[in-house]
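Enquirer: One structure, as structure tokens, below. Some questions next.
Values quoted throughout were computed directly from the atomic coordinates according to the rules given, and no laboratory measurement underlies them. Just so we're clear, the structure is a prediction, and the values are computed from it rather than from any experiment. Don't worry about glycine lacking a Cβ; one is built from the backbone with ideal geometry, like all the others, and counts go over all protein chains shown.
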Amino acid sequence: SGASNGIGIAGFELSAIYVLMILGWIFLPVYIKVDVYTMPEFIKKRFGGDRIRFYLTILA
């Protein structure tokens with residue numbers, strides 16, 4: 001049956017393609033405008049300071 005062969009996971013993965021493409025179209029222009037390449041770099045430029053670097057280190 002499909003449930004035993006992982007069809008549920010396949011559906012999740014296929015729908016994730018569309019979500020990731022939409023998020024890319026939303027966030028890519030913002031990243032290009034601010035001239036950053038990663039989310040931690042964007043957060044540091046957006047909020048500034050070294051506390052955010054410490055928070056991201058603890059969070060990761």
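Enquirer: What does the convex hull of the alpha-carbon atoms of the chain project to on average, in nm²?
Expert: Over every viewing direction, the Cα hull of the chain projects on average to 5.8 nm².
Enquirer: Okay, moving on. What does the charge add up to near VAL34, with Lys and Arg as +1, Asp and Glu as -1, over the other residues with Cβ less than 13 Å from its Cβ?
Expert: Surrounding charge for VAL34 is +2.
Enquirer: Check every DSSP H run in the chain and write down those whose alpha carbon atoms cover 18 angstrom or more along the long axis and whose mean Kyte-Doolittle hydropathy is -0.5 or greater.
Expert: Within the chain the helices that satisfy the rule are 7-34.
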